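Worksheet: the structure to be examined is printed underneath.
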Amino acid sequence: PSIEMLKYTCGLLNSDLITFYCRINRIIRADKGKTPQIKISDLKNIKINVSNKYYHPVIEVVEKLLAYPEDKERYQELNALVYEIYNIDEGERKFINDYLMA
């Protein structure tokens, strides 16, 4: 795979949407008081949607985050792009955010 595809995939995998999906499907096992665990075999169950429209914008945000990992605005931008890629509406976004904040 190309470096660009790796950055795109990294962006999706680090989004709130994919984190939510992984937690509810127990791909990420995060029991209280324990270190989160991910099995490589479970990662194959994550559907990566490659969007021609959002491919380069996601990569641009990921590159900014690699340079400034604490940039919360870029994380919000990344999440907005990923929600668009997967057609997640405002109500679903709120549900996901509430779930992840609990």
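The values are calculated or read from the model by the stated rules, or taken from the named source; none is laboratory data. Keep in mind it's a predicted model, so treat the numbers as computed, not measured. Cβ sites come from the backbone with ideal geometry, for glycine too, and all protein chains shown count toward neighbours. The protein model used for the area step is the full one, side chains on, heavy atoms only, and it has no ligands, DNA or RNA in it. Shrake-Rupley method; radii C 1.70, N 1.55, O 1.52, S 1.80 Å.
Extension gain, Asn14 to Asp98, is 28.5 nm, computed as 0.36 nm per intervening residue step minus the present C-alpha separation. Simple point charges give the picture: +1 on the Cβ of Lys and Arg, -1 on the Cβ of Asp and Glu, and for the chain a dipole about the Cα centre of about 580 debye. Once the other residues with Cβ under 10 Å from the Cβ of Arg74 are scored (Lys, Arg +1; Asp, Glu -1), what is the net sum? Charge balance near Arg74 sits at -4. Net length available on complete extension from Ile46 to Glu4 is 13.2 nm, with 0.36 nm assigned per residue and the Cα-Cα distance removed.
Between Val61, Gly91, Asn25, the Cα set farthest toward the positive side of the dipole of the chain (charges on each charged residue's Cβ, about the Cα centre) is that of Asn25. Take every Cα pair under 8 Å whose residues are at least 6 apart in sequence, average their separation, divide by the length of the chain, and the relative contact order is 35 percent.
Rolling a 1.4 angstrom probe over the chain with all protein chains present gives an accessible area of which 54% lies on carbon and sulfur atoms. A cut-off of 5 Å between modelled amide H atoms, ignoring neighbours fewer than 5 places along the same chain, links Ile28 with Arg23. For Lys44, the lysines whose Cα falls under 18 Å of its own Cα, not counting residues fewer than eight places away in the same chain, are Lys7.
Extension gain, Asp31 to Tyr75, is 13.4 nm, computed as 0.36 nm per intervening residue step minus the present C-alpha separation. For the stretch 1-76, the solvent-accessible area with a 1.4 angstrom probe is 72 square angstrom per residue.
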